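Novice: Sharing a structure, written as structure tokens. Questions coming.
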Amino acid sequence: MQTYTYPKSQEWFQRALKVIPSGIYGHKGPAHGNFIPVENWPLVSAKAQGTYMWDVDGNKFIDYMCGFGVNILGYCDEDVNNAAIKQMGVGDCLTTPTHKIIEYAELLTDTVKSADWAFFCKNGGDATTGAILTARHHTRKSKVIFVNGFYHGVGMWTQKIDYPGIQPGDVAGNLYIPFNDIPALEKVLAENEGEIAAFIGTPYMHGIFKDNVLPEAGYWQKVRELCTKHGIVLILDDVRCGFRLDMAGSDHYYGFEADIICFCKALANGWPVSAVCGKDEFKPAISSLSFTGSYWQSSVPFAAGIAAIEKMKKIDIVKVLKDNSTKLCNAFDAAAKNNGFDLVISGEPQLFYFRIANDENMFAHQQWIAEMMIRGVFLTGHHNHFTCAALSDDDIKVTAEVADEAFKIVRKNNPQLQYSN
């Protein structure tokens, strides 16, 4: 199989280092992105279509990161982009919002079971921050319960005490409990009675560098019961899972109702918009917040979002993603077993996480990912992965062939590991 090299990517990255902090800032940079060895990864992309991405060297990838989840229908989906282009021709950021914001809110509240209203912003972190502010204003309390292993954006309130730039006061009201641990939740509630504004969590634990964990039977129902009993706002961060598990919301999928639910990644197939949705009783609180942004009423993403939701419903996006992702995970598993590897696959199929368990240090796993990268399958070694509706059976077949070859190379380079055959 031909392997890729990235000379132009490196040239662009050297230029970027001169004018952009770290060259590529944040978790998508080479080091933070866990691109090891760095020379196996493209650093700058050129274009994308469907489930494919091309880098500046012309290398083509089957992309299982999907823009870290924003690509749900397929890159450059024609229906979504046509709606955006049409709106672009009549106006985007105007002094007052266009009617598209109202149409979008109507569609979203009709789609999401627990939503009576929708408040739009830009990033997932905007949505979770808006939800926390709403909960604090509604309850007139300050403390927030987090589940260990969480990620809710990069606002100061959601970071850790030892993170750069974070002061003790930024996280003074944060309380932490394990996932699926109701006794721990009850203990925190008892120790902070009358002080807690919100409980915030993701539908299931899809943290990095660890197996994903699904909620135990009855877990969310008990959390819902306790939050209601103690007057605590239950916030679901559905930024990553939203519309992949259930078009009605991931709370609906797991059989409970959130007070406030946050969406972003798959909301408009990559067009920049996020949403805070909630129950009517919280409408006065969010209405009175000093919380807005220069582009939050941009009409083009609203038009794209309307087209995206309508198309997701039409094609039954949840079934499409679950079927394709299940076939893909089965193909990875078969390739692993064929080469004596124990590949642990966890989480929901639509957002699967995997690791090679033969090596507890994950060195073999990272080698395997890197070998697939230079053969045209875009993955990461630490994050859950995504599929989009454009993924085909042929793509899965090619992926399986690449995975098999990569496993063979890793086994040859790591004779010291224990194999099952």
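Novice: If amide H atoms are built 1.01 Å from N in the plane of the peptide, which residues on other chains or at least 5 residues away come under 5 Å of the amide H of TRP117?
Specialist: Under 5 Å from the amide H of TRP117 lie the amide H atoms of GLY278, each far enough along the sequence or on another chain.
Novice: Right, here's the next one. What share of the DSSP beta bridges in the chain is antiparallel, in percent to the nearest 5?
Specialist: 60
Novice: Per residue of the range 162-169, in order, report the coupling 6.51 cos²θ - 1.76 cosθ + 1.60 (Karplus, θ = phi - 60°) as ³J(HN,Hα) in whole Hz, putting x for Gly and Pro.
Specialist: 9, 7, x, x, 8, 9, x, x
Novice: Okay, next question. Roughly how tilted is helix 393-413, in degrees to the nearest 10 and between 0 and 90, from the longest Cα axis of the chain?
Specialist: Taking the Cα atoms of the chain, the angle to 393-413 is about 60 degrees.
Novice: Dividing the alpha-carbon Rg of the chain by 2.2 N^0.38 Å yields what?
Specialist: 1.00
Novice: Oh, and also: How many angstrom separate the Cα center of the range 330-358 from the Cα center of the range 117-140?
Specialist: 37
Novice: Given a cut-off of 25 Å, name the pairs among LYS229/LYS313; LYS313/LYS397; LYS86/LYS313 whose C-alpha atoms lie farther apart than that in the structure shown.
Specialist: LYS229/LYS313; LYS313/LYS397
Novice: Let me ask something additional. Normalised by the residues of the chain, what does the relative contact order come to in percent, with Cα pairs under 8 Å and at least six apart?
Specialist: Once normalised by length, the contact order is 23 percent.
Novice: How large is the accessible surface per residue of the range 78-315, computed with a 1.4 Å probe and reported in Å² as a whole number?
Specialist: 43
Novice: Around ASN339, under 13 Å between beta carbons, what's the net of Lys plus Arg minus Asp minus Glu among the other residues?
Specialist: -2
Novice: Given Cα pairs under 8 Å that are at least 6 residues apart, what percent is the relative contact order of the range 1-92?
Specialist: RCO, the range 1-92: 21 percent.
Novice: Along the range 371-383, what does the Karplus equation 6.51 cos²θ - 1.76 cosθ + 1.60 (θ = phi - 60°) give for ³J(HN,Hα), rounded to whole Hz, x for Gly and Pro?
Specialist: Working through the residues one at a time gives 5, 6, 4, 6, 10, x, 10, 8, 9, 10, x, 9, 10 Hz.
Novice: Rank by packing, highest mean first: peptides 404-417, 326-339, 115-128, with packing defined as the count of other Cβ atoms within 10 Å averaged across residues.
Specialist: Result, highest mean first: 115-128, 326-339, 404-417.
Novice: Something else now. Enumerate the whole-percent occupancy of each 10 Å bin, from 0 to the last occupied one, for all C-alpha pair distances of the range 78-315.
Specialist: 8, 33, 35, 18, 6, 0
Novice: Specify the angular offset, from 0 to 90 degrees and rounded to the nearest 10, of the alpha carbon long axis of helix 124-139 from the longest principal axis of the alpha carbons in the chain.
Specialist: With both axes taken from Cα atoms, the answer is about 30 degrees.
Novice: So if I take the centroid of the Cα atoms in the range 159-227 and the same for the range 91-115, what is the distance between those two points in Å?
Specialist: 31
Novice: Can I ask one more? Against the longest principal axis of the chain, how steep is helix 7-19, in degrees 0 to 90 to the nearest 10, with axes from Cα atoms?
Specialist: That works out to roughly 40 degrees.
Novice: Could you rank the peptides 262-273, 96-107, 305-316, 12-23 by their average count of other C-beta atoms within 10 Å per residue, with the highest value first?
Specialist: So the peptides 262-273, 96-107, 305-316, 12-23, ranked by packing, come out 262-273, 305-316, 96-107, 12-23.
Novice: Continuing with the same structure: Leaving out ligands, DNA and RNA, what percent of the accessible area of the chain is carbon and sulfur, probe 1.4 Å?
Specialist: 55
Novice: What relative contact order, as a whole-number percentage, does the range 43-134 give when Cα pairs under 8 Å and 6 or more residues apart are counted?
Specialist: 14
The values are calculated or read from the model by the stated rules, or taken from the named source; none is laboratory data. From a predicted model like this one, the values you see are computed outputs, not experimental measurements. Cβ coordinates were reconstructed from backbone atoms using ideal geometry, including for glycine residues, and neighbour counts include every protein chain displayed. The accessibility values were calculated without ligands, DNA or RNA, using every heavy atom of the protein model including side chains. Shrake-Rupley method; radii C 1.70, N 1.55, O 1.52, S 1.80 Å.
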